[in-house]
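The structure under discussion appears below in the form of structure tokens.
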Amino acid sequence: MVVLLWSLLDKSHRVEGRPRLANHLRFSFLNQLFMQNLEYLFKKSSLNLQKNMRILETIQIQNGEILQISYHQARMNAARKQLWQCDNVIDLASTLVVPAEHQNGIVRCRVVYQQEIEEIQFIPYQWKNIRSIKVVEAPPIDYAIKWLERDAFTQLLQENPEADELIITQNGWVSDATIANLAFWDGKQWFTPNTPLLKGTKRQYLLDTHQIKEKAIRIEDLKHFEKVCLINTFRDLSHEVAISL
């Protein structure tokens with residue numbers, strides 16, 4: 001298709017006996033058509049690349065009990081539907097069987113999948129102490145789906161070794177940390193940015209139970225908040241672990 005369009009463009013230049021304006025209009029039209037087809041090819045290539053990427057679901061298991069599994073199952077099946085048009089529903093509750101050696105304490109369950117589940121791991125959870133946090137404006141990050149590949153976050157942390165964690169902004173809008181969604185305390189109420197990179201399961205649970213509210217938060221708005229709390233599958237909303245701003 002691209003070769004054909006270039007051929008048409010070339011012929012439009014060699015037409016004789018036509019007004020110069022007509023040739024110019026024809027060239028403009030064909031050039032626009034060519035660019036539209038290039039854009040289509042790039043979008044198709046990007047979609048195919050995403051379809052070949054693996055997705056991760058991280059689930060907390062506490063003393064053998066799988067926590068908030070309905071939220072994880074909903075997100076997994078929504079991603080499968082979006083990327084591969086999968087209509088069959090994966091039932092995580094019946095799929096995940098916690099091994100005997102992981103029945104005590106807090107365990108991280110990693111489910112890697114595409115159209116179907118490809119890998120399940122059970123790993124003892126290790127808490128990450130976060131004492132310092134830094135605001136960083138980052139290049140565009142595509143993480144609306146919880147991809148297994150996290151190189152963008154790894155690179156940001158490597159570029160900012162003086163901080164334990166980061167408040168990532170995109171074009172000035174506050175989004176997430178590298179490992180969690182964010183909740184900001186203004187002295188009366190917890191707010192979470194309405195521009196997250198990923199709509200996390202704990203974030204959605206806290207919204208559903210009215211413990212946090214969504215709000216548009218820009219980098220210049222951070223001065224109006226007293227503290228920030230990182231929230232994810234393993235990190236609850238808590239003043240005790242929140243970091244002062």
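The values are calculated or read from the model by the stated rules, or taken from the named source; none is laboratory data. Owing to the predicted nature of the structure, the values given are computational and were not obtained by experimental measurement. Reconstructed Cβ throughout: ideal geometry from the backbone, glycine too, with neighbour counts over all protein chains shown.
In the range 180-189, the condition of being of a type in the set (D, E, K, R), over 30 Å from GLU119 (Cα atoms) and surrounded by fewer than 20 Cβ atoms within 10 Å (Cβ to Cβ) is met by at least one residue. Here ASP164 fulfils each of the conditions (1) surrounded by fewer than 19 Cβ atoms within 10 Å (Cβ to Cβ); (2) farther than 27 Å from HIS72 by Cβ apart from (2). Between ILE106, ILE69, the distinction of being surrounded by fewer than 16 Cβ atoms within 10 Å (Cβ to Cβ) and within 23 Å of GLN204 (Cα to Cα) belongs to ILE106 only. Considered as a group, the residues in the range 202-232 that are among the β-branched types (Val, Ile, Thr) and either in contact with a Cys (Cβ under 6 Å, 6 or more places away or on another chain) or under 19 Å from ILE168 (Cβ atoms) (or both) include one that is surrounded by the most Cβ atoms within 10 Å (Cβ to Cβ), and that residue is ILE231. Across the range 96-121, the qualifying residues are those that are assigned to a strand (DSSP E or B), touching a residue at least 60 places away in the same chain (Cβ under 8 Å) and within 21 Å of the chain's Cα centre (by Cα), and the one among them that is farthest from GLN60 (Cα to Cα) is GLU118. Of the strands (runs of 3 or more DSSP E) that lie entirely inside the range 140-244, those containing 1 or more residues that are among the acidic types (Asp, Glu) and not assigned by TED's automatic domain parsing to the domain that holds GLU65 span 165-170, 213-215.
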